[in-house]
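Some notes on the structure that comes next.
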Amino acid sequence: MARAVPASAPGGAAKPLRIVARFHAFPPEHNAGAEHMLVSMLRPLVERGHDVSVWLSRYGTATKEYEYRGIKVMPLASRLDFPTAVRGASVLLAHLETVPATASLARGYGKPLAVVCHNTHRPTFRDMAAGGTALAVYNSLWMEAEARLFFAEYPKAVAPATELIVRPPVFADEYRTKPGSAITLVNCNPEKGGKVLEALARRMPDQHFLAVRGAYGQQILPDLPNVELVEHVEGREMRERVYARTRVLLMPSSYESWGRVGCEALASGIPVVAHPTPGLCESLGEAGIFVDREDIDGYEAVLRKLTAPAEYRLASKRAKARSAELDPTADLGAWCEAIESL
C-alpha cells in the first residue's frame, strides 16, 4: 500500500510543527473530492508527528472538537478562537473560499501560508496570487499550465515562493475490491452528468444503475425501476457501498480539474467512461474511455460493448495499470518536505 514518507525520513522537520488549516467543510459530513484530497494530504503530516488541526469556517453541525483519520477538526462554534490558533501556528493552510481571509491573517501574524488550488477558475489563482503565499499546490500538470497563463495575463500578480504538483492522493488498498454489476454515477447533479445517467437508464432498462447522492448541487435522481439510489456516502464507506457494487463508473462531467472518484474506481479495475475534460484526460490517461457528454448514443454503445467479457477484461487491465502509475508516495513525500521547509 502506498503510504507517506515516515516521520524518520530524511528531510523531515527537526521538531513537530503546528499546522493550522482553514477549510469551509470537512468529512464525515461533507464528502467531496476536494475535501478528501485534503484528508489524504494531512494524514501523512500527522504520521510524521506534526500537530494538524482543521478549523471549519462555514459548514458542519458538530458542536465539539472531533477527530477524523487522526486529524483534529474544530467546529464552527470554535471560530472565535481561530486567531489564537493562528498566533501559535507554524504553518497555515487554506483552500477555495477560505484563502483570502486566511491570507490576511497570515500576513498580519507573519505566518507562512500554503494554498491548495483545486480548480483552474480565475478566482482560485487570483486569491492565491494576492501576496504572501509561501507554497502553492496544483493538482495536475494542466492546472500548473493554467497558472502560468494567469501570471502571464496578470503580471502584477504575486507568484508564490514555491510551487508543487500533488495529484489527489488515492491509497489504492483503501478502495480496492471485487467490482459489482452496476453502472454508477457519483454525485448526480447536472454538471456531473445526472441527465446523462437518466437518459441511459431509460434507454437500457436491462441494466442496473446506481445513483449516488452527492455532497453538493441539485441532484437528478431518476424514479425508474432499474435505478437504485445510494444516499450520501462517507469516504471510508466508498469501497463497500459503491465500488463493490460497480461494474462501470460514469464521469460525464462538464468540468473536472482532476477527478478523484475515477482514480478510486481504477484501483479495482473498474472502467471509467468519461467526458474528455483536460483534468480527466490527465488523471485517467490511457485507462479512460472518453465520450462527449452530449453523445448519449456513444455512451450507450460503449456500455454495451463493455458487456463483452473480453472487452471488459482489457479495460479493467488498463484501469489497474493506471492505478499503479498513480501511486501517491512520491507526491506526498515532496508535499511533506515542502511544508516542513516553511
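Can you tell me which residue in region 16-71 is surrounded by the most Cβ atoms within 10 Å (Cβ to Cβ), limited to those that are among the aromatic types (Phe, Trp, Tyr) and not in a strand (DSSP E or B)? Looking at residues that are among the aromatic types (Phe, Trp, Tyr) and not in a strand (DSSP E or B), I get PHE26.
Might you let me know whether region 285-293 holds any residue that is modelled with pLDDT of 95 or more and touching a Cys at 6+ places or on another chain (Cβ under 8 Å)? Yes. Residue by residue through region 76-90, note down the ones that are in contact (Cβ under 8 Å) with a residue 12 or more places away in the chain and in a helix (DSSP H, G or I). Result: LEU76, ALA77, SER78, ARG79, PHE82, PRO83, ALA85, VAL86, ARG87. Taking the numbered list (1) within 28 Å of LEU42 (Cα to Cα); (2) touching a Pro at 6+ places or on another chain (Cβ under 6 Å) in turn, GLU240 passes all entries but (2). Selection of region 224-256 for residues being modelled with pLDDT of 95 or more, out of contact with any strand residue (DSSP E or B) (no Cβ under 9 Å at 6 or more places or on another chain) and of a type outside the set (Phe, Trp, Tyr) yields PRO225, ARG239, GLU240, ALA244, SER254. Filtering region 304-327 to residues that are crowded, with 16+ Cβ neighbours inside 10 Å and over 14 Å from SER283 (Cβ atoms) leaves LEU306, TYR312, ALA315, SER316, LYS320. If only residues of region 140-163 that are in contact with a strand residue (DSSP E or B) (Cβ under 8 Å, 6 or more places away or on another chain) and of a type outside the set (A, V, I, L, M, F, W, C) are counted, the one that is farthest from PRO100 (Cα to Cα) is SER140. Here ARG245 passes the criteria (1) buried (at least 20 other Cβ atoms within 10 Å of the Cβ); (2) within 20 Å of LEU314 (Cα to Cα); (3) charged (D, E, K, R) except the one numbered (1).
Let's see how each residue does on (1) within 17 Å of the chain's Cα centre (by Cα); (2) closer than 19 Å to ASN189 by Cα; (3) in the same structural domain as PRO190 (by TED's automatic domain parsing):
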site: LEU224; (1), (2), (3): no, yes, yes
site: VAL227; (1), (2), (3): no, yes, yes
site: GLU234; (1), (2), (3): yes, yes, yes
site: VAL242; (1), (2), (3): yes, yes, yes
site: ARG245; (1), (2), (3): no, no, yes
site: VAL248; (1), (2), (3): no, yes, yes
site: ARG260; (1), (2), (3): yes, yes, yes
site: GLU264; (1), (2), (3): yes, no, yes
site: GLY269; (1), (2), (3): no, no, yes
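Of the residues screened, ALA330 is not one that is outside any loop (DSSP other than H, G, I, E, B) and surrounded by 13 or more Cβ atoms within 10 Å (Cβ to Cβ). Counting only helices (runs of 4 or more DSSP H) wholly contained in region 208-320, the ones carrying 1 or more residues that are among the small types (Gly, Ala, Ser) and closer than 26 Å to ASP173 by Cβ occupy 260-266, 278-284.
Filtering region 138-154 for residues that are under 21 Å from ILE19 (Cα atoms), modelled with pLDDT of 95 or more and in contact with a Cys (Cβ under 6 Å, 6 or more places away or on another chain) leaves a non-empty set.
Applying the criterion of being under 20 Å from GLU29 (Cβ atoms) and surrounded by 14 or more Cβ atoms within 10 Å (Cβ to Cβ) to the residues of region 72-90, the residue that is modelled with the lowest pLDDT is ARG79. List the pairs whose first member sits in region 58-75 and is closer than 15 Å to MET41 by Cα, whose second member is loosely packed, with under 13 Cβ neighbours inside 10 Å and small (Gly, Ala, Ser), and whose Cβ atoms are under 8 Å apart, counting only residues at least 6 apart or on separate chains? Correct list of pairs: empty, since none qualify.
The values are calculated or read from the model by the stated rules, or taken from the named source; none is laboratory data. Keep in mind it's a predicted model, so treat the numbers as computed, not measured. No Cβ is skipped: glycine too gets one built from the backbone with ideal geometry, and neighbour counts run over all protein chains shown.
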